[in-house]
1. Would you grab the residues whose amide H sits under 5 Å from the one on Asn12? Only those 5+ places off in sequence or on another chain, please, with H modelled 1.01 Å from N.
2. If you take the beta carbon distance between Arg22 and Asn46 as r and set R0 to 35 Å, what does 1/(1 + (r/R0)^6) give as a FRET efficiency, to the nearest 0.05?
3. Could you give the length gained by full extension between Thr74 and Asn12, i.e. 0.36 nm per residue of separation minus their alpha carbon distance, to one decimal place?
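Quick note: the coordinates plus some simple rules give every number you see, no bench work behind them. What you see is a predicted model; the values in this text were computed from it and never measured. Cβ placement follows ideal geometry from the backbone for every residue including glycine, while neighbour counts extend to all protein chains displayed.
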Amino acid sequence: MASLQFCSECNNLLYPKADQQRRVMVYACRICAYDEIGENACVYRNDLLTVTKEQVGVTTDLGTDPTLAHSNQTCPNCGTEDAVFYQDQSKRKETRMILFYVCVNCNHAFTDPTLPTDSRPET
């Protein structure tokens with residue numbers, strides 16, 4: 001990855017730019033006419049992390065949140081039949097419409113028990 005480079009004449013930041021006449025990438029100053037040929041061809045690198053399963057977000061005090069809808073799902077931890085539910089808000093391409101439940105009694109996070117076990121996210 002290229003590091004920040006600065007103009008040797010006016011000390012401003014140099015930006016990558018294509019020089020069409022010389023057919024090379026240069027780092028050019030936007031303030032003065034200074035430019036230098038870039039040694040490193042990598043200007044930007046985007047590392048994508050592959051996540052295989054969805055995970056429940058922060059679930060503290062969700063049971064007392066009055067804006068969340070309630071459901072009569074039975075908690076697998078304590079057996080209470082009152083839980084709030086919400087949907088995953090991640091912007092991943094493979095995100096499915098999975099509902100996450102949080103027990104209002106013990107604050108235990110769980111998913112719909114009717115989902116197959118291999119497609120359940122980690123809670």
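1. Cys7
2. It comes out at approximately 0.80.
3. Gain in length upon complete extension: 16.1 nm.
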